[in-house]
Amino acid sequence: MIEWLLIVVDIVSWILLIIGSICVLIGGIGVLRMPDFYSRIHAASLTDTMATLALFSGMILQAGFSLAAAKLFAIMLFLLLTGPTATYALANSALLSGHKPKAAVLEKKVE
Amino acid sequence: MKLFEFLGYYNYWVFAILLMIGFYAVIAKANLIKKLIGLSIFQSAVFLMYISMDKVEGGTAPIIKPGVVDQLYSNPLPQVLILTAIVVGVSTLALGLAIVVRIKERYGTIEENEILDAD
Amino acid sequence: MDFAQHLPALQVIVPLLAAPLIVLLQPRGFAWAATTATAFFSFAVSIAIAVRILAGDILRYEMGGWFAPIGIELRVDAFSAIVLLIISGAAAISLIAARNSINQQIEDHRQPLFFAAWLLAIAGLVGMVVTADAFNIFVFMEISSLAGYILIAGGPDRRTLPAVFKYLIIGTIGATFYLIGVGMIYMMTGTLNLEDMAQRVVGIEDQRPILVAAAFVFIGLALKAALFPLHVWLPNAYTHAPHMVTVFLAACGTKVAVYVLLRFQFSIFQSFGEHLLQFALFLMPLALLGIIVASLVAMFEGHLKRMLAFSSVAQIGYILMGASLMSDSGITASTLHMFNHALTKGALFLAVAKFATQYADLRIDSLKSAARSMPLTSFAFVIAGLSLIGVPGTAGFISKWQLIMAIMETGNMGFIMVAIVVISSLIAVGYIWRVIETLYAIPTDDLPDDAADVSVKPEKIDMLLIALIFTVAMNIYFGLVPGLPLTLAELSSKILLKVEF
Amino acid sequence: MTIVFAIFLLTMLVITAVAIVQSSNLFVSVMLTSIFSLLMSTNFFVLDAADVALTEAAVGAGITTVIFLSALALTATQEKPNRSGRGIALIVVGLTASLIIYATFDKPRLGDPDAPVHQHVAPYYLDNTMEQMGFPNVVTAVLSSYRGYDTLGEVFVVFAACIGVLFILDARTGTGPKYVTRKMTGLRHHLIPQVVGRILVPFIVLFGLYVQFHGEYGPGGGFQAGAIIATAFILYSLLEGEQAALRAVPRSAQLGLVICGALMFGMVGVLCMIMGGEFLDYSVLMENPVTARQIGIIVIEAGVGMAVCGAMLSIFHAFAARSAEDTDEAV
């Protein structure tokens, strides 16, 4: 029974890790492929949130019930707090310094 | 075997390359801040050389695990030296930046050639 | 607590710990007095050490109670002792004379920081000399360098800043090269203690990392010592530094790097039979070129401080030329010249500082007929200048004579080198004479009267002048009675060449 | 597996370094330098140097970047194109490179347990730390006891840098009105960063204290802790503005911290001398040498932490306060 449970935990954690990795990959591709600054940081923020969550949950499951798991949890919380904040600050200061989204610029041209 | 030998020295190659990149920036760049950035790469390269020699195959960080016999540990001495050197590097950098700020105030530029022309 | 046992440690930690105290207690005037007191204490310690050394001791001190290769060992022998005397003596004399000059050049509220930096510079230089640990030398080298940058940055002119920046860059490169060299030796020997290193390097001296390490240590320290083609930072840094800082640094700054260089060459790399020969063959042309080129540049230099700075580069050439002879008498001459040159250059820059109290512009032309208003200073400058040239009866003569004797021992090749020494001495006559001529020039009546009147004030007798006269007197004293430095120098060369312990 | 990872990291390092030198925008260069330091720190970790990795991350990637950025705010963000001096640079660099590459071939291979460095002095530390110090982190033991004198020197290097920056930037040590900023108010008007930042500051300080006092048992110690705690205060001053930050920790307190830290370290050494030992020989402080060493090490590590924290804060504020000040003495 216990062994069976362990296998399930292992499988779940690997699924989470793979999801996380895919998120990082998508985020990376997004930063390269997206057309303007704002959509790029939108893509990058995927790594901050989804990938962090998935990767760290996966790693915590791998670590089991131990001190390492607690540390991982703390790091995850820290990253979840700071990542989006950094993205917000970045977008905000870009807007304040006069950087217009590409969509807005295009709309203006159409008008 | 050849490949393995090459990999065994890879850290030292990277040390040499980084050292050269940093050194090049220090000599060739006229911008004083760029010179300092180059200097910090230059110093980091040396840190890499020291830390590379502390590694022991199959070892762990030198924090003794009580009760475990036959555990290999990496060499603590280069680590201590580099701990010192990192802080020394930051100190030098801070002082250098302070001088650059003063140069900017008194000369209005931080490009070496323009400073030379100004005097 | 046995005082005598702790001498090597006290030499370093007293100035080191006094520095934060001075920043902590900031009332005006206190900073200078406390710094000077510390410097004199430090000087007293060096004298005490020298006395012990002359009695035949070698002082060892195990920091933290850990024995040699495990912990850091301090080790003071005759060679260290003479350099310690130079450093702490230069510090004491320049500090006691410094008050008015520094008040003139540094604002009041910045003085505590400035004097703290001065103490750190003393501690750093002294620390490099007493320690017997390769990495510890690096740490104290950085203390002394950082403090040195701060001291020089106190200069009033804006040109100080690029000069300091250049010094900082080159100094850091030098220190990092040294660190690379030490790292490579450590990689091959596993130890940082100099003595231990010297023993363990035997047998692997032909391995490439050791050879390359020798090159890196040499280049790094040569940068710090301003050996001829690597001297580019020195003239500007000395010229634009506050005058009293120039006195201090010119007397001992580069000598400490030379000290470490010689220590490494002779104790660690000595066992390589071929290496020493390469070292000599490499060093000698550089030293000779340095002597000639720097002297010539000094000859045509218009600014008094810059002229003396270039002359310093030439003197480093003399010191290293003596060492590159690899003989007992050569190293004696070289060590002796370190001591005597510190005295001479110290006196010359003290005179410059004294001139600076009345002349804002230190270009040689603007010092015209300064001897009228400042007879004592001008006279002192003349005597010190004679010592720089090497006229008999002055300290400079003794070391140059030793150097020439050492060269003569080498035989045929020697005549060329003797010729170079003589020629460069003649050039020195040239540039010193140029200054003397200007100082004692009879004022021409074409000058507008007001300009002449403003500059002619009676010469004020202050600590600076007294220190100057004292140093000049020392130049003559050690020219006539060279016993103390000569004995220490002879002992040093024996230690370096491992003739006996 | 590790070697693949290491090679990847090292290659990234080289690429980043090239990018740093190539970029003509100094702001980009500085941010890349921060990435470079992080990569370097990861690399150190892969090479089993946890303490150094922590220091490089806190000092190299954290504090250095902040200081660089605050200096950039006072100077320029764009490098002017200049092609002179390339030839001589390439020659010098080429010579040095060939020298190093020449040396490489006789060096011991990476991780070779028979290398001389692993034979001579280091085994003593590894074998005796537990017995002589009573705690497992050998790096802390070497740093604070076996080579404590080096660490003392290093604290004074930091002290020198601190007084040097204050001296050169001429920042008063008291809180004169001229040196308090008016314009810069930090991120006060930005709700999200401010709230998040406020939540984080105490935790960063807490983490710093953990690193400080856990240094004997895990990676960490005074340097890292000092740098981390300084980061927390720097974050605070970015959020609330210079003025509020200087009100919280005034300049005199920062400088006091440096001085106290340095003196604390030195005085422990002097105390050891008075008690009859050598300088920094903690074992004489109490009857049981192991406990005595532990107490000595805790005190000097605290001194190191205070000195580093205070110095980093002073340096940061010396730059940051200036950017708001009217540079009236510019010539």
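The values are calculated or read from the model by the stated rules, or taken from the named source; none is laboratory data. Note that the structure is a prediction, hence the values are computed from the model and not measured. Every residue, glycine as well, gets a Cβ built from its backbone with ideal geometry; the counts of neighbours run over all protein chains shown.
A few notes on this one:
- Check on D:LEU54, crowded, with 20+ Cβ neighbours inside 10 Å and more than 7 Å from chain B (Cβ to nearest Cβ): yes
- Hits in the range D:118-133 (condition: crowded, with 16+ Cβ neighbours inside 10 Å and in a loop (DSSP other than H, G, I, E, B)): D:HIS120, D:VAL121
- None of C:ILE58, C:ILE70, C:ILE82 is away from chain D (no Cβ under 14 Å), surrounded by 15 or more Cβ atoms within 10 Å (Cβ to Cβ) and among the β-branched types (Val, Ile, Thr) except C:ILE82.
- The residues of the range D:12-30 that are more than 18 Å from B:LYS29 (Cα to Cα) and either surrounded by fewer than 22 Cβ atoms within 10 Å (Cβ to Cβ) or hydroxyl-bearing (Ser, Thr, Tyr) (or both), listed by number, are D:MET12, D:VAL14, D:ILE15.
- Given (1) farther than 30 Å from D:PHE45 by Cα; (2) buried (at least 22 other Cβ atoms within 10 Å of the Cβ); (3) hydroxyl-bearing (Ser, Thr, Tyr), index of the condition D:SER252 fails: (2)
Here is a yes/no grid of residues against (1) over 20 Å from the mean Cα position of the chain (by Cα); (2) in a loop (DSSP other than H, G, I, E, B); (3) within 30 Å of C:LYS460 (Cα to Cα); (4) of a type in the set (Phe, Trp, Tyr):
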{"residue": "C:LEU10", "(1), (2), (3), (4)": "yes, no, no, no"}
{"residue": "C:ILE22", "(1), (2), (3), (4)": "yes, no, yes, no"}
{"residue": "C:PHE40", "(1), (2), (3), (4)": "no, no, yes, yes"}
{"residue": "C:ILE47", "(1), (2), (3), (4)": "no, no, no, no"}
{"residue": "C:GLY64", "(1), (2), (3), (4)": "yes, no, no, no"}
{"residue": "C:ILE93", "(1), (2), (3), (4)": "no, no, yes, no"}
{"residue": "C:ALA97", "(1), (2), (3), (4)": "no, no, yes, no"}
{"residue": "C:PHE115", "(1), (2), (3), (4)": "no, no, yes, yes"}
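- Against the list (1) buried (at least 24 other Cβ atoms within 10 Å of the Cβ); (2) farther than 25 Å from C:TYR61 by Cα; (3) touching a Gly at 6+ places or on another chain (Cβ under 7 Å), the condition D:ARG109 fails is (1).
- Matching residues, the range B:17-39, being within 7 Å of chain D (Cβ to nearest Cβ), in contact (Cβ under 8 Å) with a residue 40 or more places away in the chain and surrounded by 24 or more Cβ atoms within 10 Å (Cβ to Cβ): B:ASN31, B:ILE33
- Residue count, the range D:274-315 (criterion: in contact (Cβ under 8 Å) with a residue 60 or more places away in the chain and among the β-branched types (Val, Ile, Thr)): 8
Residues checked against (1) touching a Leu at 6+ places or on another chain (Cβ under 9 Å); (2) more than 30 Å from D:VAL211 (Cβ to Cβ); (3) part of a helix (DSSP H, G or I); (4) at pLDDT 90 or above:
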{"position": "D:THR11", "(1), (2), (3), (4)": "no, yes, yes, yes"}
{"position": "D:VAL14", "(1), (2), (3), (4)": "yes, yes, yes, yes"}
{"position": "D:VAL18", "(1), (2), (3), (4)": "no, yes, yes, yes"}
{"position": "D:LEU32", "(1), (2), (3), (4)": "no, no, yes, yes"}
{"position": "D:PHE44", "(1), (2), (3), (4)": "yes, no, yes, yes"}
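- In the set B:LEU116, B:LEU81, only one residue is free of Cβ contacts under 8 Å to residues at least 40 places away in the same chain, more than 7 Å from chain D (Cβ to nearest Cβ), within 27 Å of D:ASP51 (Cα to Cα) and outside any loop (DSSP other than H, G, I, E, B); that residue is B:LEU81.
- Scanning the range D:68-87 for residues that are modelled with pLDDT under 85 and either part of a helix (DSSP H, G or I) or farther than 25 Å from B:PHE23 by Cα (or both), we see that the one that is farthest from the other protein chains (Cβ to nearest Cβ) is D:GLY87.
- No other residue among C:LEU161, C:LEU179, C:LEU168 is under 19 Å from C:ILE219 (Cα atoms), buried (at least 24 other Cβ atoms within 10 Å of the Cβ), of a type outside the set (Val, Ile, Thr) and without any contact (Cβ under 8 Å) to a residue 24 or more places away in the chain apart from C:LEU168.
- For B:GLY96, the criteria (1) in contact (Cβ under 8 Å) with a residue 60 or more places away in the chain; (2) at the interface with chain D (Cβ under 7 Å from one of its Cβ atoms) hold in every case but one, which is (2).
- Condition check for B:LEU32: closer than 19 Å to D:THR64 by Cβ and of a type in the set (A, V, I, L, M, F, W, C): yes
Here is a yes/no grid of residues against (1) closer than 15 Å to C:GLY317 by Cβ; (2) surrounded by fewer than 17 Cβ atoms within 10 Å (Cβ to Cβ); (3) free of Cβ contacts under 8 Å to residues at least 60 places away in the same chain; (4) among the polar types (S, T, N, Q):
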position	(1), (2), (3), (4)
C:LYS400	yes, no, no, no
C:ILE407	yes, no, no, no
C:THR410	no, yes, no, yes
C:MET417	yes, no, no, no
C:THR438	no, no, no, yes
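- Among (1) out of contact with any Lys or Arg (no Cβ under 9 Å at 6 or more places or on another chain); (2) within 20 Å of D:VAL138 (Cα to Cα); (3) part of a helix (DSSP H, G or I), the one test that B:VAL68 misses: (3)
- Restricted to helices (runs of 4 or more DSSP H) entirely inside the range D:206-297, those with at least 3 residues that are among the β-branched types (Val, Ile, Thr) and within 10 Å of chain C (Cβ to nearest Cβ) are D:251-274.
- Of residues in the range C:301-337 being among the charged types (D, E, K, R) and touching a Leu at 6+ places or on another chain (Cβ under 7 Å), the one surrounded by the fewest Cβ atoms within 10 Å (Cβ to Cβ): C:ASP328
- Qualifying positions in the range D:94-117 - more than 27 Å from the chain's Cα centre (by Cα), in a helix (DSSP H, G or I) and within 7 Å of another protein chain (Cβ to nearest Cβ): D:THR96, D:ALA97, D:LEU99, D:ILE100, D:ILE101, D:TYR102, D:ALA103, D:THR104, D:PRO116
- Qualifying residue in the range C:173-191 (condition: of a type outside the set (Ser, Thr, Tyr), closer than 26 Å to C:GLN105 by Cα, within 12 Å of another protein chain (Cβ to nearest Cβ) and assigned to a helix (DSSP H, G or I)): no
- Boolean, C:ILE53 is within 30 Å of C:LEU336 (Cβ to Cβ), more than 13 Å from chain D (Cβ to nearest Cβ), surrounded by fewer than 22 Cβ atoms within 10 Å (Cβ to Cβ) and at pLDDT below 90: no
Quick grid of which residues meet (1) modelled with pLDDT of 95 or more; (2) in contact with a Phe, Trp or Tyr (Cβ under 7 Å, 6 or more places away or on another chain); (3) not small (Gly, Ala, Ser):
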{"position": "C:VAL130", "(1), (2), (3)": "no, no, yes"}
{"position": "C:LYS166", "(1), (2), (3)": "no, yes, yes"}
{"position": "C:MET188", "(1), (2), (3)": "no, no, yes"}
{"position": "C:LEU194", "(1), (2), (3)": "no, no, yes"}
{"position": "C:MET197", "(1), (2), (3)": "no, no, yes"}
{"position": "C:ALA215", "(1), (2), (3)": "no, no, no"}
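- Whichever residue in the range D:255-272 is under 17 Å from C:PHE3 (Cα atoms) and surrounded by 21 or more Cβ atoms within 10 Å (Cβ to Cβ) and, among such residues, is farthest from the chain's Cα centre (by Cα): D:CYS272
- Residue, nearest to the other protein chains (Cβ to nearest Cβ), within the range B:54-73, restricted to residues that are within 20 Å of B:GLY8 (Cβ to Cβ) and acidic (Asp, Glu): B:GLU57
- Unique residue being free of Cβ contacts under 8 Å to residues at least 60 places away in the same chain, more than 18 Å from C:SER144 (Cα to Cα) and within 14 Å of chain D (Cβ to nearest Cβ) when the list is C:ALA44, C:ALA37, C:ALA4: C:ALA4
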